[in-house]
Amino acid sequence: MDKKTIRDIDVQGKRVFVRVDFNVPLNGSTITDDTRIRAALPTIQELRAKGARIILASHLGRPKGQIVAQLSLKPIAARLQQLLGTSVAFSADSIGSGAEQQVGQLQDGDVLLLENVRFHSGEEKNDPDLAAAFAKLADVYVNDAFGAAHRAHASTEGIARFLPAVAGMLMERELSVLGEALAHPARPFTAMIGGAKVSDKIGVIEHLLAKVDRLLIGGGMANTFLAAKGYELGKSLVEADRVEVARELIQKAQETGKELLLPVDLVLATAFAADAPSRIGAVDEVHADEMALDIGPETSRLYAKTVMTSKTVIWNGPMGVFEMEHFAAGTNAVAHAMAEVQGMTIIGGGDSVAAIEKAGLAERMTHISTGGGASLEFLEGKVLPGVAALQSRKGASQ
Ligand code: ADP
Ligand code: MG
């Protein structure tokens, strides 16, 4: 990774503005999943150990520039305090004299959490005045919010124009694992892409197709590929306006000698419902009143075998409507196959991560990306603005 990190700079006694991703799910003021808070702990602990004065900033939800009491970060300060085992101060505004005063009181190793940065409308507009107001609080900027790095906002990009800017440890790990897998994969290198729609992931498929040896397509998007091959899919989710793109991708795979695998059988139901009666059918025998809601057992075996004989696997997108038990078998089968890979396994995408966690296999993966949208954009080969804004380590290779 060619970006500077907190290990490359001196932070002793300095005020360090750390952009974290504390956008956690809340039920009222109860945090229902604190994974994102835990993910930021290594950076916070490292900075504390080095004697930095730590100012944490994050967004939470979509308050759209308004103060929304339910989207206050205050409950997060309490949880962070428990997790860190040290007191965490809270500032009711992320800029201004109150925040400045609280920053002024920080001693080396102290931690202050600022209120939701999106309470200011300038955040999502990347307003330079807001960025300058954040920068005024600190001497150094650290971005550890990989999950927000695909957005050019005041606290993810704008502020980096005013302060020396480096990556935190979570950001570093995300960039190096994803970057290394794409740049120097152990082969065979397989990408498994699923989820609802082709249109969400065309960029990812195109970019990965050029890099991988094998591409497995599942989930709702497989229907569009199957339609491109001339199959009748009944009432299945097919994106008519993407059939042509799917056809081009199939052709490109052929021309470049890549293995592009599509389902050979499907789990079919007459309604999109958890209790809908279902049957297994080959891809050429879908009835007009049926829809495909999962890959079939033959496809699961084929995909599992392909995954298990790979040395690098990137997985994004469930193989079926895994939220419903009857249509979760395909996703579970490939999740178990991922756990058996003798090599590197990477998972990106909110629903795919949820599926692997539900299967209890998260610990067996090499890397689970904390950034849904950000990891997708990274896999598309896009430059993430929050990453581009960080200082490069001159002379170092990627
Ligand atoms: P991720 O969050 O991992 O990137 P996506 O958001 O792209 O994944 O897709 C996940 C969604 O796709 C799930 O809600 C799942 O129910 C849906 N899905 C998967 N297979 C099908 C299908 N055959 N028909 C309709 N929806 C599907
Ligand atoms: Mg999703």
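How high is the relative contact order of the range 1-140, given as a whole-number percent (alpha carbon pairs under 8 Å, six or more residues apart)? Before the final figure, lay out the partial values.
Numbers: 239 pairs, mean separation 42.6, N = 140.
Relative contact order, the range 1-140: 30 percent.
For the chain, what is the percent of antiparallel DSSP beta bridges, rounded to the nearest 5?
Numbers: 12 of 50 bridges.
Counting DSSP beta bridges with both partners in the chain, the antiparallel share is about 25 percent.
For the Cα atoms of the chain, what angle does the longest principal axis make with the long axis of helix 297-308, in degrees from 0 to 90, nearest 10?
50 degrees
Please compute the contact order of the chain in relative form: average sequence separation of alpha-carbon pairs under 8 Å and at least six residues apart, divided by the residue count, as a percent.
Once normalised by length, the contact order is 17 percent.
Take every Cα pair under 8 Å in the range 176-379 that's 6+ residues apart, average their separations, divide by the length, and report that relative contact order as a whole percent. Please list the in-between numbers first.
Values: 430 pairs, mean separation 44.8, N = 204.
Relative contact order here is 22 percent.
Per the Kirkwood treatment, what hydrodynamic radius in Å, one decimal, follows for the range 114-254 from the mean inverse distance over all distinct Cα pairs? Mind showing how you got there, number by number?
Values: mean 1/r = 0.0550 Å⁻¹.
Every distinct Cα pair counted, the radius reaches 18.2 Å.
Using packing as a proxy for protection, rank 269-276, 77-84 so that the peptide with the highest average count of other Cβ atoms within 10 Å comes first.
Numbers: 269-276: 14.6, 77-84: 17.0.
Highest to lowest by the protection proxy: 77-84, 269-276.
Can you tell me what share of the DSSP beta bridges in the range 249-365 is antiparallel? A percent to the nearest 5 is fine.
Working: 9 of 13 bridges.
Counting only bridges with both partners in the range 249-365, antiparallel ones make up about 70 percent.
Restricting things to alpha carbons, tell me how big the range 1-90 is in terms of Rg and Dmax, in Å.
14.2, 41
Rounded to the nearest 5, what % of DSSP beta bridges with both residues in the range 6-169 are antiparallel?
Values: 2 of 21 bridges.
Around 10 percent of the beta bridges assigned by DSSP in the range 6-169 are antiparallel ones.
Pairing the Cα long axis of helix 35-49 with the longest principal axis of the chain, what angle in degrees results, from 0 to 90 and rounded to the nearest 10?
With both axes taken from Cα atoms, the answer is about 40 degrees.
Can you work out D for the range 204-351 in µm² s⁻¹ from Stokes-Einstein, where Rh is the Kirkwood radius over C-alpha pairs, the temperature is 20 °C and the viscosity is 1.002 mPa s?
On the way: Rh = 15.5 Å.
This corresponds to a translational diffusion coefficient of 138 µm²/s.
Regarding the range 267-367, what is the average projected area of its C-alpha convex hull, in nm²? Walk me through the intermediate numbers first.
Details: hull surface 24.8 nm².
Answer in nm², one decimal: 6.2.
For n ≥ 4 DSSP H runs only, could you compute -39500 (n - 2.57) per run for the chain, divide by its residues and tell me the 222 nm figure to the nearest 500?
Numbers: 14 runs with 136 residues, N = 398.
Using -39500 (n - 2.57) per qualifying helix, the result is -10000 deg cm²/dmol.
If N is the number of residues in the range 6-169, what value comes out of its Cα radius of gyration divided by 2.2 N^0.38 Å? Numbers along the way, then the final one.
Values: Rg = 14.1 Å, N = 164, 2.2 N^0.38 = 15.3 Å.
Expressed relative to 2.2 N^0.38 Å, the Cα Rg reads 0.92.
Sorted by mean Cβ packing within 10 Å, highest first, what order do the peptides 123-136, 141-154, 210-223, 173-186 take?
Values: 123-136: 19.4, 141-154: 26.6, 210-223: 24.3, 173-186: 17.8.
With the highest mean Cβ count within 10 Å placed first, the list reads 141-154, 210-223, 123-136, 173-186.
For the chain, what is the convex hull volume of the alpha-carbon atoms per residue, in Å³? Walk me through the intermediate numbers first.
Details: hull volume 56.7 nm³, N = 398.
Convex hull of Cα atoms, per residue: 142 Å³.
Any of Lys197/Lys382; Lys229/Lys252; Lys64/Lys382; Lys14/Lys136; Lys64/Lys125; Lys50/Lys394 with alpha carbons more than 22 Å apart? Name them for me.
On the way: Lys197/Lys382 20 Å; Lys229/Lys252 14 Å; Lys64/Lys382 26 Å; Lys14/Lys136 13 Å; Lys64/Lys125 10 Å; Lys50/Lys394 24 Å.
Exceeds cut-off: Lys64/Lys382; Lys50/Lys394.
Got a sec? How would Leu47, Leu112 order by Cβ neighbour count within 10 Å, fewest to most? If you can, show how the numbers build up before the last one.
On the way: Leu47 25, Leu112 21.
Exposure proxy ranking, most exposed first: Leu112, Leu47.
Where a number appears in this text, it was derived from the coordinates with a stated rule and is not lab data. Being a predicted model, the structure only gives us computed values, none of them experimental. Quick reminder, even Gly has a Cβ in these numbers, built from the backbone with ideal geometry, and neighbours come from all protein chains shown.
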